[in-house]
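Since every read-out is calculated from the coordinates, none of them should be taken as a lab result. Only a predicted model underlies this, so the values are computations on that prediction, with no experimental measurement involved. Because the Cβ atoms are built from the backbone with ideal geometry, glycine has one as well, and the counts that use them run over all protein chains shown.
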Ligand code: SF4
């Protein structure tokens, strides 16, 4: 199975922690959509297995207007076989949600919506430079349900400045109350060059210590699993039958094509990616310049399999390694035995386990 990812690199304003490729201007939007459609037409033979998922991410895909979204969907339908699609996701910001847009999204075939909520605390939202309030987020989820979305997800963040366990629990309580099918909980991380990084460097804000962050992670797991969610990936929780199919395919190292600026593609034997710059992306497509490509060695593939599988509840499948990487199987067995103490604390020690098992 395979998936298509569409990158929409526009946001109304930049969140302080964000290091995704997105810009807070609408200037180049029309030209970008035109170019994206050209790329869809050019790369329509990249995937070799049936397409099961389509994912619009960003940036903020819901900052496109109805016509722009429709144009992209039409181009995809004309160039790829989408008859076996099972999951069609769009990332959305709560402040963009209104009946007209949500109805249009359903009409275009989106059957999953994923909101960037991050916190139900208005002070946190202001600090993060989000545009929505807690109530706007709640309204967006309730409206999506009312309009007909039966698969709703949202993102929350722990490890925020001044976050206490009590404050985080209040977020989790609200999250569960909303009865969505899926919740992603990420730790706020300080990425180099972001506004957050600058504010921490200048000692204007500080992040919780590692120990507090671990306590918040553990609380997330116990709270959400008791509320009926399955912890199926390090940052992801779902109700039965509602794993993100698109993201699960990444962790199972299945093929996908990423279209748009900064989008990555993977076809089992290589990875390729477009420039993280809209002008450069547009110029490359205009001039028939192929995406940057890295051919993967067997060692690369083995290491990727280890890293990605450790993110999931299923973990590493020894049989898969034996069948697909027989040359590394004895190394794997030996290292696994050495790392067996680390396996007693899954999730948190994944990086250390990966280092032991990789080549
Ligand atoms: S909305 Fe998402 S992509 Fe846009 S700036 Fe915020 S975190 Fe980044």
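Odds and ends about this structure:
- Listed from fewest to most Cβ neighbours within 10 Å, the set 7, 331 follows the order 331, 7.
- One compactness figure for region 298-359 is 1.00, namely its Cα radius of gyration divided by 2.2 N^0.38 Å.
- Reference-scaled alpha-carbon Rg (2.2 N^0.38 Å with N residues) for region 1-77: 1.17
- Classification of region 218-359 by its C-alpha gyration tensor yields an oblate form. The axis ratio a/c (a ≥ b ≥ c) is 1.5 or more, and b/c is at least a/b.
- 222 nm mean residue ellipticity, helices alone, for the chain (DSSP H n ≥ 4; -39,500 (n - 2.57); rounded to 500): -12500 deg cm²/dmol
- Mean Cα-pair separation over length for the chain, i.e. relative contact order, pairs under 8 Å, 6 or more apart, %: 17
- Per-pair calculated FRET efficiency, R0 = 30 Å: residue 252 and residue 165 via Cβ, rounded to 0.05: 0.30
- Sorted by Cβ density within 10 Å, fewest first, the residues 63, 238: 63, 238
- Summary value for region 298-359: 41 percent relative contact order, contacts being C-alpha pairs under 8 angstrom separated by 6+ residues.
- Square roots of 5 times each gyration tensor eigenvalue, C-alpha, region 114-191, largest first, Å: 21, 13, 11
- Span from the region 191-231 Cα centroid across to the region 33-72 one, whole angstrom: 32
- Label zone of residue 49 (point 7 Å out along Cα→Cβ, amide N under 20 Å): in region 316-335 this covers 316-326.
- Fewest-first sequence of 328, 46 by Cβ atoms within 10 Å of each Cβ: 46, 328
- Among beta bridges that DSSP assigns inside the chain, antiparallel share in %, nearest 5: 35
- Rg/Rh for the chain stands at 0.96; both radii use Cα atoms, and Rh follows the Kirkwood definition.
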